[in-house]
Protein chains: 2
Amino acid sequence: MKLANLIGDRFRETPSDCVVESHALMLRGGYMKYVANGIYSSLPPLCRITRKIEQIIREEMDAAGGQEVQFPVVLPASYWQESGRYDSVGSELLRFTDRNGSPMVLGMTHEEAAVALVREYGATYSRYPFLFYQIQTKFRDEARPRAGLIRVREFTMKDAYSFHTSQEDLEACYRRCHSAYERIFARAGLPEVISVASDSGMMGGNLSHEFMLLTPAGEDSIVLCPSCGYRANMEAAECITEAPSEGICASEGRTDGHTECAASSLPLPALTEVSTPGVHTIDELCAFLGITAAQCCKAVVYQRNRDDSYVVLFIRGDLDVNETKLTNRLGEEVHPGEITEGSGLQAGFIGPAALYAGLRKNSGENTGLTILFDRSLKGATGLVCGANRADFHYTGLCMERDCPDASYEDFAKAQEGGICPVCGRHSLTISRGIEVGNIFQLGTKYSKAMHMQYVDADGAAHYPLMGCYGIGIGRLAASVCEAHHDEYGPIWPITISPWQVHLCCMRSDNAEVHAMADALYDELQRAGVEVLYDDRNVSAGVMFSDADLLGIPIRLIASPRNRKEGCVEMTLRGNKADTCKIPADEIVLRVREKISALTAALQPE
Amino acid sequence: MKLANLIGDRFRETPSDCVVESHALMLRGGYMKYVANGIYSSLPPLCRITRKIEQIIREEMDAAGGQEVQFPVVLPASYWQESGRYDSVGSELLRFTDRNGSPMVLGMTHEEAAVALVREYGATYSRYPFLFYQIQTKFRDEARPRAGLIRVREFTMKDAYSFHTSQEDLEACYRRCHSAYERIFARAGLPEVISVASDSGMMGGNLSHEFMLLTPAGEDSIVLCPSCGYRANMEAAECITEAPSEGICASEGRTDGHTECAASSLPLPALTEVSTPGVHTIDELCAFLGITAAQCCKAVVYQRNRDDSYVVLFIRGDLDVNETKLTNRLGEEVHPGEITEGSGLQAGFIGPAALYAGLRKNSGENTGLTILFDRSLKGATGLVCGANRADFHYTGLCMERDCPDASYEDFAKAQEGGICPVCGRHSLTISRGIEVGNIFQLGTKYSKAMHMQYVDADGAAHYPLMGCYGIGIGRLAASVCEAHHDEYGPIWPITISPWQVHLCCMRSDNAEVHAMADALYDELQRAGVEVLYDDRNVSAGVMFSDADLLGIPIRLIASPRNRKEGCVEMTLRGNKADTCKIPADEIVLRVREKISALTAALQPE
């Protein structure tokens, strides 16, 4: 391909709306073009990268026993009604009506379609297990697309589905897909991708992993323990807090109310109302009373999406709520609560003590008010909390004494420096990451909901177990760019580079140089090498900045000086120090060697 | 791949809703599964066929200078509003609103997206010409999907777009794509596909061709002249009729009204009202008056979709209206007219004479009534037509005399045995065909509508010319099946067959035979041959009927008898007489030779 004919514009300026490097470089390099919010067209360089990633994925999924299929993009709503997700998934599921009035959806994932495909085929145990995959366009009507190809509305995804008659068999396939994913990411140039335990979210099921590229450009938070290797995404990471240290006691009123503190044998402080005029936030409270956030019992108020009923979650003041844990516990979606006059809640002054006493008998299913306690509060004493009337707090809150029948669960986000749930050290670090793939053990969620059963050898009917396995192709391409670029452009791994060789003809107005470069272009193409050939009559600056933006790993430069020496210069995009002059008659050989070496370096063992 | 693991059911019975063979065979063979009306999932055999067709298309489009891109499936409605097609295209364009209330469409073709992609890139003449293509899912909300993959709502299409600064350049690219298409169809196993001149329909533009597979299963009608090679689809085929022979004269009333007939010098018959009680149709009229349909002047009534205004088209009674010609003439869509009391039209008795006289002054834009004349009527004399009052007709209608300022155009369908517009012989035949591809010279329709301009060497701005070029991948696969099958299943060409070799192990319960077949399976796979291996312990009947349904061209049979002879039997799916025994140690060689020979036979010169 001649660069002069390559469609797409390359430019120097970073577009103003780009928050990550891959987005900026892929626009600047003519890889893609904006169509609508979160929707792009791919230009030839990105299309070529995509095809190569898809080919790697096909090879590895086939090797893992996968069979390629293709589902429709447009699916009947009835599939999603069967599984229950037509109602449970929010407006990212695009719903519409066709010309005959039939409700349809745009597939954002294909578990339902997968079950429908093999519901009859999988009626007998002897046909299990089976694994199939597709590479197809998906549409997810994201509220906030961002970061170019990292979070889009329309994307190409490889999604795979497996069906099993036993948990062991599902786990074996899950491990096989885990390995296939490691190979895929390594071959695509991202051996540094790690898998982390994750929350299954709207997919359902028991166990899942996300494959993460750690990078500040990522939008996911990953909890890591460098000490023992524990890895989880923020949604799934357990939060462990220390045994509570004693809080403060109000100096006034330490009289009859004192009891023994179980842990320390110190007398427990009395629950004491204190005036805190205009003090609404934890920060204000800490400043006002001269305490730390960890000495506060914070109330975080949510409302259920379904009916706007309230959920009040008490948590230690220095911790944040992990909303995924909350929605998993509730089994439904919530949003931040808006506290109205009729709610019986006193915004800024909500506490478990009086609230707990006063509303406990009304709480639960009947009134719709749910009160939850994070386990960071368990056994804590001497805390400060709201007094459930304006401008007053309590000091001396002791959970066991004041909330005797509270039950405690994990609702908190893990924190930097927090306690590792595996090795127990204060070693947790939080990193940003891009999720480039995920695998799920779905169990029988979909087979049960959609009445897919098989008959075993004894004639008994069972629901098969399912796994599902996804990789976003465009996001993977962007992640490679994010991980491998410099200020001038992407540095593509040879395995997914749009072309293998970028041939620059410096001074193409020099007929002899041009002829030599033409001959080399022909020779390399005949040898099966993918060459992008720049024979434009432009300055070296323009030529090299375009080459940098296109990021092709092997660069050959034909110039008047080289020609006199009967040589061509070969240099690597990723390592410009690795430059050498090669006699013209050795070039094909040396280029092939270099391609092989670069490819081999990315080959997993 | 082992057949025992291949997902999908094969079965013997033809599903009741199948009207064409390819539909039945592709369901029966486990190629695809119904999802919704006109929407299917592809199972692995079809997916493999599809991938191979796509690869052939990529190679030929690349060779023609095409660059692969990818457009979104979901497009902003604004693109289609710019081109004007948001309003002009009917409900097959699926329109919906995203979560932010933005109007979107599902891409059914991508001219608008193509212009938007290169509107800035193509701002300078020096960047022309360029040709790019995508292979992508499209959705067209067909009113009546039918015939399996022949007419679906969701389909995969290769669509290409070219941009030019001159008509000559467009024509050169058009010819190159025409050749590429011939190569694609030949390599995919359909060298018999022909190109026919076609109507450009909703695409706009001047010149277009459809690539047709002639088969009774097709839904298009193609007009062919075996004598001179003229080919056009029915929509585009010119209809030529003979110079009119004289019609009948009413025997009564031949008095003053007689004038000379220009052609024959015979006296013209007088226009005479005759009573035709209850005679509404041409057939009834012919029977009643003892005349032929060719002696009638038929009125066909339409209404414009836009405002329901009437269009009355007069045409010779033995001809049918080509509605494409009519809508092209009007520049808008029409539907069959419903004649109401207030219309001034007398259903069943409409004629040009009195109607013409009475309504002519009101016709045209003002009243909305349009009166058109097919050229089959030009110069005709002695016709019978309606008298524009119930139960009466005229005889003796002479067009020149009675409709002196009528103008005549071609609105008629070509007929079997009709006159070839090129060689003039009465040689036309009408065949059914499936349209597997099309190419269009679009001119400046889209560049003008969407304000895409380039600046030429002199600084003057122009609209570029466009071409577009489509192939439906699934329809092509179904067409190959339609053209190449027997009663037992498809007979796939080697180039697109899901696998190259079908290896049958007869009596897999015989350990020695099974071991030999296993070894052969491994050896062939190591040699890079695509093998589907059936080692199920099933009867020969089941094994061979499955093999026939899967249609793989080369079949190898390992059996106890063959094993004793140290041989394997090789047979061809398409020619069972071509059977031979091959010594075990020659098999890889002989299979490779056969693959090469079968491939070479499909290679265009």
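Considering region A:28-46, and only residues there that are within 30 Å of A:Asp522 (Cα to Cα) and among the aliphatic types (A, V, I, L, M), the residue that is nearest to the other protein chains (Cβ to nearest Cβ) turns out to be A:Leu43. In region A:81-128, of all residues being aromatic (Phe, Trp, Tyr) and in contact with an Asp or Glu (Cβ under 6 Å, 6 or more places away or on another chain), the one that is farthest from B:Glu154 (Cα to Cα) corresponds to A:Tyr125. Pairs linking a residue in region A:2-21 that is within 14 Å of chain B (Cβ to nearest Cβ) and outside any loop (DSSP other than H, G, I, E, B) to a residue that is of a type in the set (Lys, Arg) and surrounded by fewer than 14 Cβ atoms within 10 Å (Cβ to Cβ), with Cβ atoms under 8 Å and 6 or more positions apart or on different chains, do not occur.
Which of the strands (runs of 3 or more DSSP E) contained wholly in region A:416-512 include at least 1 residues that are over 28 Å from the mean Cα position of the chain (by Cα)?
Numbers: elements: A:429-443, A:465-472, A:501-505.
Where strands (runs of 3 or more DSSP E) fall fully within region A:416-512 and carry at least 1 residues being over 28 Å from the mean Cα position of the chain (by Cα), they are A:501-505.
When residues in region A:82-141 are screened for being in contact (Cβ under 8 Å) with a residue 60 or more places away in the chain and of a type in the set (Asp, Glu), 3 of them pass.
Report yes if B:Arg389 is basic (Lys, Arg) and without any contact (Cβ under 8 Å) to a residue 60 or more places away in the chain, otherwise no.
Working: basic (Lys, Arg): yes; without any contact (Cβ under 8 Å) to a residue 60 or more places away in the chain: yes.
Spelling it out, B:Arg389 is indeed basic (Lys, Arg) and without any contact (Cβ under 8 Å) to a residue 60 or more places away in the chain.
Condition first: in contact (Cβ under 8 Å) with a residue 40 or more places away in the chain and small (Gly, Ala, Ser). Now tell me which residues in region B:573-605 satisfy that. Don't jump to the end; show me each part of the working.
The initial filter retains those residues of region B:573-605 that are in contact (Cβ under 8 Å) with a residue 40 or more places away in the chain, namely B:573-574, B:584, B:587-588, B:591-592, B:594-595, B:598-599, B:602-604.
Across region B:573-605, the qualifying residues are B:Gly574, B:Ala584.
Can you tell me which residue among B:Leu369, B:Leu345, B:Leu377, B:Leu355 is modelled with pLDDT under 85 and crowded, with 23+ Cβ neighbours inside 10 Å? Outline the logic, then answer.
Working: B:Leu369 fails: crowded, with 23+ Cβ neighbours inside 10 Å; B:Leu345 fails: crowded, with 23+ Cβ neighbours inside 10 Å; B:Leu377 fails: modelled with pLDDT under 85.
Of B:Leu369, B:Leu345, B:Leu377, B:Leu355, the one residue that is modelled with pLDDT under 85 and crowded, with 23+ Cβ neighbours inside 10 Å is B:Leu355.
Residue count for region A:549-569 satisfying the condition of being under 15 Å from A:Ile494 (Cα atoms) and at pLDDT below 95: 0.
Here A:Asp458, A:Asp534 are screened, and the one residue that is under 14 Å from A:Gly551 (Cβ atoms) and either of a type outside the set (A, V, I, L, M) or in the same structural domain as A:Ala558 (by TED's automatic domain parsing) (or both) is A:Asp534.
Condition first: in contact with a helix residue (DSSP H, G or I) (Cβ under 8 Å, 6 or more places away or on another chain) and within 26 Å of A:Glu487 (Cβ to Cβ). Can you find one or more residues in region A:54-67 that meet it? Within region A:54-67 (the criterion being in contact with a helix residue (DSSP H, G or I) (Cβ under 8 Å, 6 or more places away or on another chain) and within 26 Å of A:Glu487 (Cβ to Cβ)), the answer is no, since none of the residues qualifies. For region A:111-151, residues that are among the aliphatic types (A, V, I, L, M) and farther than 24 Å from B:Thr50 by Cα total 5.
Inclusion of A:Glu219 among residues that are surrounded by fewer than 19 Cβ atoms within 10 Å (Cβ to Cβ), more than 23 Å from A:Glu92 (Cα to Cα), modelled with pLDDT under 90 and of a type outside the set (Ser, Thr, Tyr) is not warranted. Those strands (runs of 3 or more DSSP E) of region B:115-230 in which 3 or more residues are under 15 Å from the mean Cα position of the chain (by Cα) and under 22 Å from B:Val74 (Cβ atoms) are absent.
Out of the residues in region A:402-446 that are closer than 25 Å to A:Ile194 by Cβ and of a type in the set (D, E, K, R), which is surrounded by the most Cβ atoms within 10 Å (Cβ to Cβ)? In this case the residue turns out to be A:Glu435. Counting only residues that are over 17 Å from B:Ser102 (Cβ atoms) and within 7 Å of chain B (Cβ to nearest Cβ), region A:137-148 holds 1 of them. Across region A:529-544, which residue is farthest from A:Val501 (Cα to Cα) among those that are of a type in the set (Val, Ile, Thr) and assigned to a loop (DSSP other than H, G, I, E, B)? Once the filter is applied, the top-ranked residue is A:Val538.
The residue that is surrounded by the most Cβ atoms within 10 Å (Cβ to Cβ), among those in region B:68-102 that are aromatic (Phe, Trp, Tyr) and either facing chain A (nearest Cβ under 10 Å) or within 18 Å of B:Val118 (Cβ to Cβ) (or both), is B:Phe71. Would it be correct to say that B:Glu60 is at the interface with chain A (Cβ under 9 Å from one of its Cβ atoms) and touching a residue at least 12 places away in the same chain (Cβ under 8 Å)? Answer is no for this residue.
The values are calculated or read from the model by the stated rules, or taken from the named source; none is laboratory data. Please read all numbers here as calculations on a predicted model, not as lab measurements. Note: ideal-geometry Cβ built from the backbone for every residue, glycine included; neighbour counts use all protein chains shown.
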